[in-house]
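Here's the structure we're looking at; comments come further down.
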Amino acid sequence: MGMRSIVLVLAWSTVSCQFALVQTTGSTCLNVVVDCNAPASPMDASTAFQSCQSRLEENGGCILIPAGHYELINVNLNTSHVRWEISGGALLSPWHQDINGQLPLFSVGLLNATSENISFVGPSGQRSVIDLSTPLVLPWNIRAFQLFSVDGFRIANLHIKMAASAAIQKSGIQFSHRFDTSGKRLHATNGLVSNISSEGHIWGYGMVQIQSGVNILFENLDATGGVTLRLETGADNQTGYVGNISARNITGRNCHAAFMSEPHTQENGDYFVRDVETFGCFIGVETNGGYSQMGRPAGHFGNNSVIAGVRSHYGTQGQCFANTTEPSCCPCGNENAKLNYRIKITGLESVGFPPPQNRDTCGYWTRYPLPPQCPFGNVSSKRLN
């Protein structure tokens, strides 16, 4: 078959973003069980999943994962032009003899070069399950996906179960970066993450954390606990770049926040977020400023960033810090009211909050002492246009 181009256009009142995903499909479509001998649980299916890619033609193809329970760890989806299709009856979990606890089920892309056009998609209208909820070792820092250097990707139609305890210290989907031998930054570009639900997150992590990546659209994400979409670039080296990130239909339940931006010392580009809704979360959206760290000056996001439409429903099971449970605070806030980049924030709505009722604004709150203080109406003069 030939090349197929899919163009996604995301229109805003202030900006229009275009995402182009090119999918190439070879004539081969393999079944990971029938053609590649992937064993069912409790056997380790990692090698079969990994080697199945090498059996495809040069121009790629598809790999089918049929219904069944498969245990695996650290499968590298690094072959270009491959479409992974997952049955609705498929269950993926870590190999039960994994004693590392630090590796993802799937790493996407290459470390020192760039893979192209890789998708990992469950059935339309359903959610294939990735279950990471049972720690095998401590700490249990496992992820469903860790993305490195891949250009043109899609992850969709999945449900991710995490371990709801402090034993797990990673997000379900993590975007990372590396540098090649010439010093060029390699990270994920031109991608779509959509129709993902998840549960069992602790406050400090969540469904998605992006530390480096460009031109990525997130849509229809729904997470319980943690932060659904976290643009926190606090990796130790802090040498990544996050830019032209768009998100829509982002939901959080009994969480810390549905969306968060915190640049630490990293210099980043713009983001565009719309249609955020939270149910019982501590904050609807959290926008924190950068700060000096490890001898580096404060980082920032771009001054053209936009958040449009945040609806927060009051609840009493919001996640504050260190997994403390607190009532919902406000639809929008930042930790220290010292935001050093500009965000246009519109359409804030609070539902069912007790007095004070005027919470449809961005306030700031302080982490200590607990419970957090929430002085509504105190906003950074640098925040709004």
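Skip the ligands, DNA and RNA, and give the accessible area per residue of the stretch 121-229 with a 1.4 Å probe, whole Å².
It amounts to 30 Å² per residue over the stretch 121-229.
Determine the percent antiparallel among the DSSP beta bridges restricted to the stretch 83-202, to the nearest 5. About 10 percent, rounded to the nearest 5. One Cα centroid belongs to the stretch 214-251, the other to the stretch 278-336; the line between them spans 13 Å. Is the stretch 50-186 rounded, prolate or oblate when judged by the Cα gyration tensor, a ≥ b ≥ c being the square roots of its eigenvalues, rounded requiring a/c under 1.5 and prolate requiring a/b larger than b/c? Cα axes put the stretch 50-186 in the oblate bin.
In order along the stretch 274-280, the phi-based Karplus estimate (6.51 cos²θ - 1.76 cosθ + 1.60, θ = phi - 60°) of 3J(HN,Hα) comes to 9, 6, 9, 9, 10, 10, x Hz; Gly and Pro are listed as x.
For a test of the definition: using alpha carbon positions, the gyration tensor, and the 1.5 limit on a/c, classify the stretch 111-200 as rounded, prolate or oblate. Since a/c reaches 1.5 but b/c is at least a/b, the shape of the stretch 111-200 is classed as oblate.
If DNA, RNA and ligands are ignored and the probe is 1.4 Å, what is the ranking of ASP180, ASP275 by accessible area, most exposed first?
Values: ASP180 35, ASP275 70 Å².
Ranked list, largest accessible area first: ASP275, ASP180.
For the peptides 209-219, 223-233, the ranking by mean Cβ contacts within 10 Å, running from highest to lowest, is 223-233, 209-219. Between the stretch 173-196 and the stretch 50-77, the C-alpha centres lie 21 angstrom from each other.
For ARG248, neighbours were defined as the other residues whose beta-carbon sits under 12 Å from its Cβ, and their charges (Lys and Arg +1, Asp and Glu -1) total -2. For the stretch 192-342, the carbon plus sulfur part of the accessible surface works out to 43%, probe radius 1.4 Å.
Roughly how many Å² of LEU56 are accessible to a 1.4 Å probe, to the nearest 10? LEU56 exposes around 20 Å² with every protein chain in place.
Net charge of the neighbourhood of ALA38, taken over other residues with C-beta under 12 Å away and scored Lys/Arg +1, Asp/Glu -1, is -3. Under the shape rule built on the C-alpha gyration tensor, where the axes satisfy a ≥ b ≥ c, the stretch 134-187 is oblate, since a/c reaches at least 1.5 while a/b does not exceed b/c. Taking each residue as 0.36 nm, the span from ALA164 to SER124 lengthens on full extension beyond its C-alpha to C-alpha distance by 11.6 nm.
The values are calculated or read from the model by the stated rules, or taken from the named source; none is laboratory data. Fair warning: this is a prediction, and the values are worked out from it, not measured in the lab. Note that we place each Cβ from the backbone using ideal geometry, even for glycine, and neighbour counts take in every protein chain shown. Just so you know, the surface numbers come from the protein's heavy atoms only, side chains and all, with ligands and any DNA or RNA stripped out. Shrake-Rupley method; radii C 1.70, N 1.55, O 1.52, S 1.80 Å.
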